[in-house]
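Undergrad: The structure that follows is given in the form of structure tokens.
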Amino acid sequence: MNQPEQADAGDVPQGATCPVPDCPLAADIVLRSCDKKLIGAHKLNLARYSEGFPAPGDVIAPDKAVDLTENAKTLRVLMTFMHSQRFPSLLNMHEESFQELLELADAAEKYLVHSAMAVCNLRLASSDDIFVMSNGLKILEYAIKHNYPDVADRAAPWTLSESWDDVARHIGCGQEMMAWARYREKHISVLETMVSPIGMEIEDSGLGCMKRWFSFQSTVFQSLPATIRGRLDSLKGGRENPLRAATKKHMSMLNGCSTSMCQNRVWEWLERCDDDLNNIAAFHTFL
Ligand SMILES: [Zn+2]
Ligand SMILES: [Zn+2]
């Protein structure tokens, strides 16, 4: 803040430095976060890299700060996206940083800071990522709110076992909720098919096979989660068909089948469930 070119330095409230280290620009506007921290910024940069901040022509008393509803941490990171320089990496954020990322993403959307919007969007949508695995519902809310159907598609599979109340709290009770309910209903149908007994004719392979088959099938059913919510949870994130692990584990119960008809019946069963799962349309198509 002590650079000689900083002509307006005397006008801005004290302590209002630009959060970018070694920034050579004069801070000619001061933002005040909701936690009452002062942040120096540059009107031209705000106008060039965003929309929604006071424009250079706007008359602002030079010693007055502009009050914003975001916290200082969010605003400081957001300001770094409004300089012609390398943007901060959001890759190494820990799980605890999720809320910060979400607040940054929301602020970027609000002020239309396109660079920050794109980076946050990519980070929130990474599948197999700690964020989407444990915050599916919040990411779905973000995706719906800011109209990112592809992000919604990645988050929705992680919300299958959430309660109706929790989902409503995040996405409301309108058409989005209806879409979510229909999307989940498709998964419930797959689960129903998954646990529908598959019969066999005794003429197919004899009494021994029949006994083995029904005992195998009921063992597999029992090894699946007992409740609907538990079963939905096992489908969460579009992970592998839970029937696959269960049948693999107990496959040896079919040893003794001389014709391999029973094993083939298992493959057909698995394939049918895989097909059913793969045929569920992406979440956004229900909207
Ligand atoms: Zn600066
Ligand atoms: Zn058999």
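Every read-out reported here was derived from the displayed coordinates using simple, explicitly stated rules and does not represent laboratory data. Everything quoted here is computed from the prediction, not taken from an experiment. When we count neighbours, we look across all protein chains shown, and the Cβ atoms used for this are built from the backbone with ideal geometry, even at glycine.
Undergrad: Largest first, please: the extent of the C-alpha atoms of the chain along each principal axis, to the nearest Å.
TA: Principal-axis extents of the Cα atoms in the chain, largest first: 95, 36, 26 Å.
Undergrad: If r is the Cβ-Cβ distance from Met178 to Thr259 and R0 is 30 Å, what FRET efficiency results, to the nearest 0.05?
TA: Calculated transfer efficiency: 0.05.
Undergrad: Determine which lysines satisfy two conditions relative to Lys248: a Cα distance under 27 Å, and not lying fewer than 8 residues away in the same chain.
TA: Lys186, Lys211, Lys236
Undergrad: Could you tell me the relative contact order of the chain? Use alpha-carbon pairs under 8 Å, at least six residues apart, and round to a whole percent.
TA: Taking the mean separation of contacting Cα pairs over the length of the chain, I get 13 percent.
Undergrad: When the chain is treated as a GNM, springs tying every alpha-carbon pair under 10 Å, which of Lys73, Lys138, Lys211 comes out with the largest mean-square fluctuation?
TA: Residue with maximal mean-square fluctuation among Lys73, Lys138, Lys211: Lys211.
Undergrad: Could you work out how far apart the two model spin labels at Lys211 and Ser252 are, taking each label as a point 7 Å from the Cα in the direction of the beta carbon, and quote it in nm?
TA: Label-label distance for Lys211 and Ser252, simple model: 2.0 nm.
Undergrad: Let me ask another. With no solvent and one equal point scatterer placed on each C-alpha of segment 112-253, evaluate the Debye formula and give log10 I(q)/I(0) for q = 0.20 Å⁻¹, two decimals.
TA: Normalising to I(0) and taking log10 leaves -1.15.
Undergrad: Please enumerate, by chain and number, the lysines with C-alpha under 30 Å from the C-alpha of Lys110, excluding those fewer than 8 residues away in the same chain.
TA: Leaving aside lysines fewer than 8 places away in the same chain, those within reach of Lys110 are Lys36, Lys37, Lys43, Lys64, Lys73, Lys138, Lys145.
Undergrad: Which are the unpartnered cysteines of the chain, meaning those with no other cysteine Cβ under 4.7 Å from their Cβ?
TA: Here Cys34, Cys120, Cys173, Cys209, Cys273 come out as lacking a disulfide-compatible partner, given the Cβ-Cβ threshold of under 4.7 Å.
Undergrad: Mind listing the Cα extents of segment 184-286 along all three principal axes, in Å, largest one first?
TA: The principal-axis extents, from largest down, are 48, 22, 17 Å.
Undergrad: Rounded to the nearest 0.05, what FRET efficiency do Thr193 and Ser126 give with R0 = 30 Å and r taken as the Cβ-Cβ distance? Could you check?
TA: With R0 = 30 Å, the Cβ-Cβ based efficiency is 0.45.
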